[in-house]
Amino acid sequence: MNLILDTSCWISLFRGGLLRKLLNSKHKFLITDWMAEAEIITQGLRSFIDLNGIEKISTESKDYINEVKRIRKKTKEKASLQDCHGVYCAKVYSYLLVSNDFDILGELAEEEGIECRDLLWLLDQMLDDENIITTKEYIDAIDNILIDTRFGQLRKLLIQKKTDLGNRKKKGD
């Protein structure tokens with residue numbers, strides 16, 4: 001699967017201790033040079049950006065910049081510039097966009113004709129479909145992600161998922 005993670009997903013997966021496992025999986029990732037420099041590296045994630053499987057693209061063309069501005073204007077500037085980069089790249093390169101801010105980006109992605117999923121969907125894929133992580137790793141990741149998540153709806157979903165996983169673990173699944 002080809003994935004574009006918004007900045008908050010990179011950070012959440014890092015804090016949850018799952019970023020390296022995901023990046024070492026069979027997936028391909030795309031990140032803009034601007035996002036890598038301005039966002040990810042400033043968060044202390046430089047060693048992850050240089051791994052194989054992460055394609056970096058240039059954001060210097062005038063057409064690229066104009067399209068990102070168009071997308072941002074469409075959201076009345078509710079979406080961050082970084083998120084608009086992700087939407088544009090997902091559209092142009094046919095990648096799946098994964099976002100913590102699904103309320104804004106989910107609607108925008110639908111308008112732009114691209115597929116957008118939330119972090120829980122990705123974590124479920126890592127657990128159930130790909131066996132990249134264990135149930136315990138998932139629960140531990142949720143605890144670490146919850147420490148700093150600013151997304152109210154995601155926070156509620158993570159707490160519910162942790163409860164569901166705990167019940168599943170007790171049943172022996």
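Quick notes on this one:
- Dimensionless Rg over Rh [the stretch 2-119; C-alpha; Kirkwood]: 0.94
- Computed over the stretch 93-153, the P(r) curve from all C-alpha pair distances, binned at 5 Å from the origin, holds 4, 17, 22, 21, 18, 12, 5, 0 percent per bin.
- Stokes-Einstein D for the stretch 79-127, Kirkwood Rh over Cα pairs, 20 °C, 1.002 mPa s (µm²/s): 200 µm²/s
- Separation in nanometres of the label points that stand 7 Å from Cα toward Cβ, at E55 and E37: 2.1 nm
- Contact order relative to length of the chain, as percent, for alpha carbon pairs under 8 angstrom and 6 or more apart: 25 percent
- Of K78/K162; K26/K56; K21/K78, those spanning more than 20 Å from alpha-carbon to alpha-carbon: K78/K162; K21/K78
- One chain, two ends: K73 and V92. Fully extended at 0.36 nm per residue, the span grows by 5.0 nm beyond their Cα-Cα distance.
Values quoted throughout were computed directly from the atomic coordinates according to the rules given, and no laboratory measurement underlies them. The model shown is predicted, which means the values in this text are computed figures rather than measured ones. Note that we place each Cβ from the backbone using ideal geometry, even for glycine, and neighbour counts take in every protein chain shown.
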